[in-house]
Amino acid sequence: MTARPRACPCGSKLAYQDCCQILHKGGIAPGALSLMRSRYSAYALGLADYIMATTHPNNPSYESSERDWRKKILAFSRTTSFVRLEILDVQEGEQRGSVTFIAHLLQGGEDVSFQELSTFEKVDGRWLYLQGAKTSH
Ligand SMILES: [Zn+2]
């Protein structure tokens with residue numbers, strides 16, 4: 001018996017194994033959008049190491065204590081339902097890219113969705129999450 005492949009949490013309608021898992025296993029994101037989607041999926045799946053590895057050292061949320069940081073990410077993943085990712089705008093550049101999205105989230109049955117403009121920068125051939133600005137919707 002083969003298990004039905006599970007849908008990727010990023011909402012691409014692809015199987016996880018054909019989508020974000022490739023990046024979670026070390027594949028190179030071709031652009032800012034795929035990196036962004038893979039980070040959303042990583043939060044949904046509690047892959048703290050991936051979140052940390054794809055955060056730019058200049059990002060305000062970057063923490064030098066991996067242990068505390070990992071704990072925070074895992075707590076967020078555990079207490080949050082990742083309902084849906086809605087992409088509003090994408091700008092792909094050679095070294096910089098940005099994605100505006102709405103993360104539809106629930107915590108304890110409460111809607112904690114937010115809209116964000118995320119900026120990404122390519123460092124040594126890999127896209128990293130540089131910063132995020134909450135925007136209203
Ligand atoms: Zn995906």
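Quick look at the numbers
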{"read-out": "For Phe114: the one exception among (1) out of contact with any Ser or Thr (no Cβ under 8 Å at 6 or more places or on another chain); (2) crowded, with 19+ Cβ neighbours inside 10 Å; (3) among the hydrophobic types (A, V, I, L, M, F, W, C)", "value": "(2)"}
{"read-out": "The one condition in (1) away from the ligand (no atom under 13 Å from the Cβ); (2) at pLDDT 95 or above; (3) not small (Gly, Ala, Ser) that Arg4 fails to fulfil", "value": "(2)"}
{"read-out": "Residue list for region 7-53, restricted to those being of a type in the set (D, E, K, R) and either within 11 Å of the ligand (Cβ to nearest atom) or within 16 Å of Ile73 (Cβ to Cβ) (or both)", "value": "Lys13, Asp18, Arg37, Arg39, Asp49"}
{"read-out": "Tally of residues being small (Gly, Ala, Ser) and either under 17 Å from the mean Cα position of the chain (by Cα) or within 11 Å of Leu47 (Cα to Cα) (or both) across region 62-80", "value": "2"}
{"read-out": "Helices (runs of 4 or more DSSP H) within region 28-107 that include 1 or more residues exposed (fewer than 15 other Cβ atoms within 10 Å of the Cβ)", "value": "48-53, 66-79"}
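The values are calculated or read from the model by the stated rules, or taken from the named source; none is laboratory data. None of these values were measured; they are calculated from a predicted model. As a convention, Cβ positions derive from the backbone with ideal geometry for all residues, glycine included, and neighbour counts pool all protein chains shown.
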